[in-house]
Amino acid sequence: MKITAVKIAVLGNSPIVRIVTDEGVDGLGQIESSKPFMRPALEMLAPMLIGLDPTNVEACMRQIRRLGAFKPWGSAVSAVEIALWDIAGKAAGLPVYKLLGGKVRDRVRVYNGGIRPVLAGHEPEDYARSMQEMKDAPEGFTIIKEGVGYHGFMAPNVEGYAYNEMVVGPRHPNRGPLTARGIRHTVETVAAMCDVLGPDIALALDMGPGWTVSDAIRILRELEPFNILWAEDLLTGDYVPWVGAEQYREITRGTTVPTHTGEQIYLRNNFQDLIEKQAVRVIGPDPLDVGGLAELKWIAEYADLHGVQIAPHGVLDGLIGLAALTQVSATLPDNFIAFEYPVAEHDWWYDILEGSSRTPVQNGFITVGDRPGLGVTFNVEAAKRYLLPEDAAFFSND
């Protein structure tokens, strides 16, 4: 089997890669919906794959792996890797999890991720109402994550929250020391959320990046009575191109609240310090950014050897990303907690992607499917309606 073409399209805001072979088997990969600008990166990689055997996944990846970097620049390489596994599974007539060593669980736990209510405001009672909405959601989540502090819009929308001038904008632009009022507001908000969720639903917090080390230690100590499942991305995280292992380690040693980071990190090499120094208690690589499925599994196993847990990121990974997350999470060691559940960017995705479901989550879990490859394929005629004019040849095999 040889790769004959690498097709690229943007559906909605999601770049999609379709790898075509001379035996009529194709494979799909997706870049999360916040990265439509990554099409040129996929176009750069495509010529390096022509003529290779896609079922030799590692040999293909050795051609392109060095060309990625921290989020968002590893997403193109990651999408290709996932598409290669999809081909390998389809060619063998097996689900991808079988090729990654086999599943150790029949269902995988997820947390809300792409399902989040719109906050009416930024006071504790607003967050409490959002938790009640999430608690009542039909998915039955057993873990709910919410953004506080510098993650989201709490910091720039609460007067006197921090000493630095606050900016409202994407990619979490704020950082620096918080005022006593800011610390107190955050603690009161967490208390209000936990009061709603009770003892049977765990609360995870997305908190940064942007905290100082001393503020992070101070607030996590105040949050210890609430049994928070993890505190995510305090120092680095979304679109921050470095790790900060030494600073994370200082925070981790200063509190019993589990620390968490890793969604922006590309490749196992850049998790080495976090894991070997036990700088955080939980890592959260995203398969669509870290280098793909085999890369994520290697990282999970190495983390398990060092007593570090894993909760993969995936909020904007879409339905192909959801299929990939489900397959790889079925194979991970016992340090796996849950992955972040992505939903379709547009409702029409459920009509164009066969093998996907509008309601895959039951009682907080997704059952692992047994269809070959990732388990999803396009309904070509339905999908063609959403192609851009320049992507008209996406489903051809030429």
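The values are calculated or read from the model by the stated rules, or taken from the named source; none is laboratory data. If you're wondering where the values come from, they're calculated on a predicted model, not measured in any experiment. Please note: Cβ atoms are built from the backbone with ideal geometry, for glycine as well, and neighbour counts cover all protein chains shown.
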Filter result for Gly318 (farther than 24 Å from Leu220 by Cβ and in contact with a Phe, Trp or Tyr (Cβ under 8 Å, 6 or more places away or on another chain)): yes
Qualifying position, being surrounded by fewer than 20 Cβ atoms within 10 Å (Cβ to Cβ) and either in the same structural domain as Thr261 (by TED's automatic domain parsing) or in a loop (DSSP other than H, G, I, E, B) (or both), among Phe37, Phe70: Phe70
Only listed residue being assigned by TED's automatic domain parsing to the domain that holds Gln264, under 26 Å from the mean Cα position of the chain (by Cα) and not in a helix (DSSP H, G or I), chosen from Val167, Val190: Val167
Filter result (under 22 Å from Ile82 (Cα atoms) and crowded, with 19+ Cβ neighbours inside 10 Å) within the range 346-368: Trp349, Ile352, Leu353, Ser356, Ile366
Test: residue in the range 171-187 that is part of a loop (DSSP other than H, G, I, E, B), without any contact (Cβ under 8 Å) to a residue 12 or more places away in the chain and not polar (S, T, N, Q): yes
Residue in the range 104-127 that is more than 30 Å from Pro199 (Cβ to Cβ), charged (D, E, K, R) and either in contact with a helix residue (DSSP H, G or I) (Cβ under 8 Å, 6 or more places away or on another chain) or modelled with pLDDT under 95 (or both) present: no
Which listed residue is surrounded by fewer than 24 Cβ atoms within 10 Å (Cβ to Cβ) and either in the same structural domain as Ala202 (by TED's automatic domain parsing) or under 19 Å from Arg65 (Cβ atoms) (or both), from Gly254, Gly262: Gly254
Extreme residue, farthest from Lys145 (Cα to Cα), among residues of the range 80-118 that are in a helix (DSSP H, G or I) and touching a Phe, Trp or Tyr at 6+ places or on another chain (Cβ under 7 Å): Leu99
Condition check for Ile115: of a type in the set (A, V, I, L, M, F, W, C), under 27 Å from Asp215 (Cβ atoms) and surrounded by fewer than 23 Cβ atoms within 10 Å (Cβ to Cβ): no
Unmet requirement for Trp242, which otherwise passes all of (1) assigned to a helix (DSSP H, G or I); (2) closer than 20 Å to Pro285 by Cα: (1)
Helices (runs of 4 or more DSSP H) within the range 273-374 that include 2 or more residues within 25 Å of Asp238 (Cβ to Cβ), in contact with a His (Cβ under 9 Å, 6 or more places away or on another chain) and in the same structural domain as His260 (by TED's automatic domain parsing): 287-290
Only one of Val77, Val17 that is of a type in the set (A, V, I, L, M, F, W, C), over 20 Å from Pro241 (Cα atoms) and touching a Gly at 6+ places or on another chain (Cβ under 7 Å): Val17
Residue check, Gly237 within 18 Å of the chain's Cα centre (by Cα) and at positive phi: yes
Residue among Ala383, Ala392 that is of a type in the set (A, V, I, L, M, F, W, C), more than 18 Å from the chain's Cα centre (by Cα) and surrounded by 15 or more Cβ atoms within 10 Å (Cβ to Cβ): Ala383
Gly208 vs. criteria in contact with a His (Cβ under 6 Å, 6 or more places away or on another chain), within 19 Å of Leu119 (Cβ to Cβ), assigned to a loop (DSSP other than H, G, I, E, B) and in the same structural domain as Ala137 (by TED's automatic domain parsing): yes
